[in-house]
1. Per-residue HN-Hα couplings for the range 54-62, Karplus 6.51 cos²θ - 1.76 cosθ + 1.60 at θ = phi - 60°, whole Hz, x for Gly and Pro?
2. Arrange the following residues from fewest to most other Cβ atoms within 10 Å of their Cβ: Tyr61, Tyr85, Tyr80, Tyr5.
3. May I ask you to evaluate 6.51 cos²θ - 1.76 cosθ + 1.60, the Karplus curve with θ = phi - 60°, for each residue of the range 63-76 and list the ³J(HN,Hα) values in order in whole Hz, giving x for glycine and proline?
4. Tell me which label goes with the value of P(r) over Cα pairs in 10 Å bins from 0, in percent computed from the coordinates here: [x] 17, 58, 25, 1; [y] 18, 54, 25, 2; [z] 18, 52, 24, 6, 0.
5. Give the cross-link partners of Lys77 among the lysines, using a straight C-alpha distance below 21 Å as the criterion and excluding same-chain residues fewer than 8 apart.
6. HN-Hα J couplings of the range 12-22 from phi, Karplus 6.51/-1.76/1.60, θ = phi - 60°, integer Hz, Gly and Pro as x?
7. Please list, in chain and number order, the residues 5+ apart from Leu6 or on another chain whose amide H is under 5 Å from its amide H, with Hs placed from the backbone.
8. Name the most mobile residue of Val36, Val59, Val70, meaning the one with the largest mean-square fluctuation, in a Gaussian network model of the chain with Cα contacts below 10 Å.
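A short reminder: the numbers here are calculations on the coordinates, not readings from a lab. Predicted model only: the values in this text are computed from it and were never measured. In this analysis, Cβ positions are derived from the backbone assuming ideal geometry, glycine residues included, and neighbour counts consider all displayed protein chains.
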Amino acid sequence: MKISYLSRVEKDLRKISKLGQIAIANKLRNLESEDVLIEEIKLKGFKNMFRVRVGDYRVVYEKSKKEITVITVGHRKDVYKIMSYL
């Protein structure tokens, strides 16, 4: 499955520590491969939007049959505030 990113994701990733960035990158690689089982949770009120937990951070993405589009990455206390503006 192909992964694409919104332009704001790069900016969001710069705010996270290097260890957090590495953990998020590993989780995104696991999302890309269909062999690894990922515990994803569907977001209420959104169609085809999911989140994945990476420590204290959340990766929010939209999923279709052929592509995953990462919407935002952030600390768990802030990411849902960002989602309320979308």
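1. Running phi through 6.51 cos²θ - 1.76 cosθ + 1.60 with θ = phi - 60° gives 10, x, 8, 10, 10, 10, 9, 9, 10 Hz.
2. With the sparsest Cβ surroundings first, the list reads Tyr85, Tyr80, Tyr5, Tyr61.
3. Computed from phi, the couplings for the range 63-76 are 10, 10, 5, 10, 8, 10, 10, 6, 8, 7, 9, x, 5, 4 Hz.
4. [x]
5. In chain and number order, the partners are Lys11, Lys15, Lys18, Lys27, Lys42, Lys44.
6. 5, 5, 5, 7, 9, 4, 4, 5, x, 5, 5
7. Under 5 Å from the amide H of Leu6 lie the amide H atoms of Val70, each far enough along the sequence or on another chain.
8. Val36
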